[in-house]
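Have a look at the structure below, then the notes.
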Amino acid sequence: MRTLHVAALPFPSPQGTQALLHQMLSALEVRGHDTHLLCYAHGAASRVEDLGSGAYTVHRVPTRSFSGSLRSGPSLDKVWLDLGLARELARLSALLAPDLIVAHHVEAAAACALALRDRRVLFVAHTSLADELPTYVPEAWGPLARKLGAGVDRSLTRRSHRTVAVSPVLAELLSTASARTVESLPLPWPLATPIVREAALAARAALGLSESAEVTLYAGNLDGYQGLSALLPGLALAADRRPALRLLIATESDPRALQRALRAADLLDRTHFSPLADEGARRLVHAAADCALVPRLSVGGVPIKLLDALARGVPVVASRTALAGYALDAYCACVDEQTPARWAEAIACTLDDRASAHACAAAGRAYIGQRHTAEQFTHAIERYARS
């Protein structure tokens with residue numbers, strides 16, 4: 001089976017969507033399918049070949065980015081790039097004649113609708129634009145952004161031959177909005193080698209963290225929908241009661257706005273920043289952490305950082321929103337209400353009862369190994385190609 005995946009984004013880059021996309025493409029290629037990706041011309045410094053696993057084929061849009069930015073969210077630069085994507089998509093689909101075209105996220109689905117009016121397209125929705133788009137604009141524009149995002153979600157779901165979603169909650173939201181059946185797509189995610197004590201001590205030494213520190217980790221981009229604004233007051237409250245508490249921020253995003261927020265919350269002196277450019281950097285920060293924090297605000301999107309932490313056996317404290325409808329309650333400390341008191345309580349419970357936290361994380365790692373396999377994902381894609 002030949003599949004052409006379309007993604008309006010830089011690739012590779014150290015972001016959750018790109019990491020998930022790599023796992024999807026690798027799963028298909030390893031199973032013996034001829035797998036192709038069409039994406040933007042630019043990406044991070046690391047090469048696709050360095051990501052490991054399946055050697056799928058990457059095609060890049062000739063159109064160059066003005067800024068070379070890796071960040072998500074709307075921009076004039078992306079409008080220019082997406083028009084180039086649509087042009088190249090028409091040419092490439094005719095050349096490859098794929099058995100299935102898979103559009104990842106709304107921009108790719110829009111490009112397919114523009115360039116491939118007579119082709120069947122599987123739209124893989126990665127987020128609810130109605131919920132995410134307001135996080136990129138001033139608060140006063142929020143209702144308008146939500147209405148616009150909802151209209152795009154509804155229109156693309158109805159226009160695509162078939163739509164699937166990366167989480168159960170997103171599947172339900174799009175089904176309700178479009179009056180069409182949207183399934184939740186099984187997601188492939190690999191199990192990492194368990195972190196042993198020696199690796200944890202070495203990681204802390206490399207990052208300048210003491211063995212006695214209580215290290216909380218946030219790993220990912222710093223966009224508004226990730227919920228750091230809701231997390232910081234809770235961390236500040238926990239820090240008042242825990243002198244050893246430290247925050248490790250692993251990101252490739254510009255940290256300046258976050259640094260101002262950390263200073264305002266009196267947390268900057270307790271914060272360590274680390275890169276997140278590749279698997280080595282990702283493993284390092286997880287090895288150093290006592291728990292990972294996942295405060296996501298926007299509903300629907302897949303909690304990649306949550307799956308990744310559990311796949312490494314790291315205890316997790318997450319917002320209810322971040323679970324995205326997955327049955328992960330038993331494997332992490334879940335914050336139902338994103339108030340400072342709730343965050344501080346959940347963090348304290350996780351750090352105070354290490355044995356229970358690690359038992360939950362170990363059970364979560366087993367869950368990832370059973371429910372997020374490459375085989376489940378490839379079987380689903382093969383079924384969609386036949387239908």
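The values are calculated or read from the model by the stated rules, or taken from the named source; none is laboratory data. In this text the structure is predicted, and so the values were computed from the model without any measurement. Every residue, glycine as well, gets a Cβ built from its backbone with ideal geometry; the counts of neighbours run over all protein chains shown. Side chains included, ligands, DNA and RNA excluded: accessible areas come from the protein's heavy atoms. Shrake-Rupley method; radii C 1.70, N 1.55, O 1.52, S 1.80 Å.
A few points about this structure:
- Length-normalised contact order for the chain - Cα pairs under 8 Å, 6+ apart - percent: 16
- Distance in nm between pseudo-label sites at ASP240 and ARG120 (7 Å out along the Cβ direction from Cα): 6.0
- For region 102-108, 3J(HN,Hα) per residue [Karplus equation, 6.51 cos²θ - 1.76 cosθ + 1.60, θ = phi - 60°, Hz, x = Gly/Pro]: 10, 9, 9, 6, 5, 5, 5
- Long-range amide H partners of SER184 with built H, under 5 Å: ALA165
- The angle between the Cα long axis of helix 76-96 and the main principal axis of the chain comes to about 50°, on a 0 to 90 degree scale.
- Euclidean distance between Cα centres, region 205-280 to region 337-377, Å: 19
- For region 101-231: Kirkwood Rh in Å [reciprocal of mean 1/r, alpha carbons]: 17.6
- Residue-wise HN-Hα coupling along region 177-188, computed from phi with Karplus coefficients 6.51, -1.76, 1.60 (Hz; x: Gly, Pro): 5, 9, 6, 10, 7, 10, 8, 8, 7, x, 9, x
- The HN-Hα couplings worked out from phi for region 349-358 by the Karplus form 6.51 cos²θ - 1.76 cosθ + 1.60 (θ = phi - 60°) are 4, 5, 6, 7, 10, 4, 4, 5, 4, 6 Hz, whole numbers, x standing for Gly and Pro.
- Residues whose amide H comes within less than 5 Å of that of VAL294, counting only those at least five positions distant or on another chain, are VAL317, ALA318, SER319 (H built at 1.01 Å from N in the peptide plane).
- To the nearest ten degrees, helix 142-159 and the longest principal axis of the Cα atoms of the chain are 40 degrees apart.
- Taking all protein chains into account, the per residue accessible area for the chain stands at 43 Å² (1.4 Å probe).
- Global dimensions of region 170-273 from alpha-carbon coordinates: Rg and Dmax equal 18.3, 54 Å.
- Backbone amide hydrogens, once placed in the peptide plane, bring GLU214 within less than 5 Å of LEU245, ARG246, excluding anything fewer than 5 places away on its chain.
- Centre separation in Å (Cα based) which lies between region 178-204 and region 89-135: 25
- A straight chain from ARG2 to THR63 at 0.36 nm per residue would run longer than the Cα-Cα distance by 19.5 nm.
- Mean sequence separation of contacting Cα pairs (under 8 Å, at least six apart), scaled by the length of region 156-299, corresponds to a relative contact order of 27 percent.
- By the helix-only formula, in which each DSSP H run with n ≥ 4 contributes -39500 (n - 2.57) and the sum is divided by residues, the chain has a 222 nm mean residue ellipticity of -14500 deg cm²/dmol.
- Here region 117-248 exposes an accessible surface that is 56 percent carbon and sulfur, computed with a 1.4 Å probe and the other protein chains kept in place.
- Accessible surface for THR193 stands near 90 Å², nearest 10, in the context of the full protein assembly shown (1.4 Å probe).
- If only the Cβ of Lys and Arg carry +1 and only the Cβ of Asp and Glu carry -1, the dipole of region 87-234 around its Cα centre is close to 760 debye.
- Peptides 177-184, 205-212, 293-300 ranked from most to least packed give 293-300, 177-184, 205-212, packing being the mean of other C-beta atoms within 10 angstrom over each peptide's residues.
- Cα-centred dipole magnitude for region 251-387, charges only on beta-carbon of K, R (+1) and D, E (-1), debye, nearest 20: 260
- The solvent-accessible area of ASP269, taken with every protein chain present and a 1.4 Å probe, is close to 150 Å².
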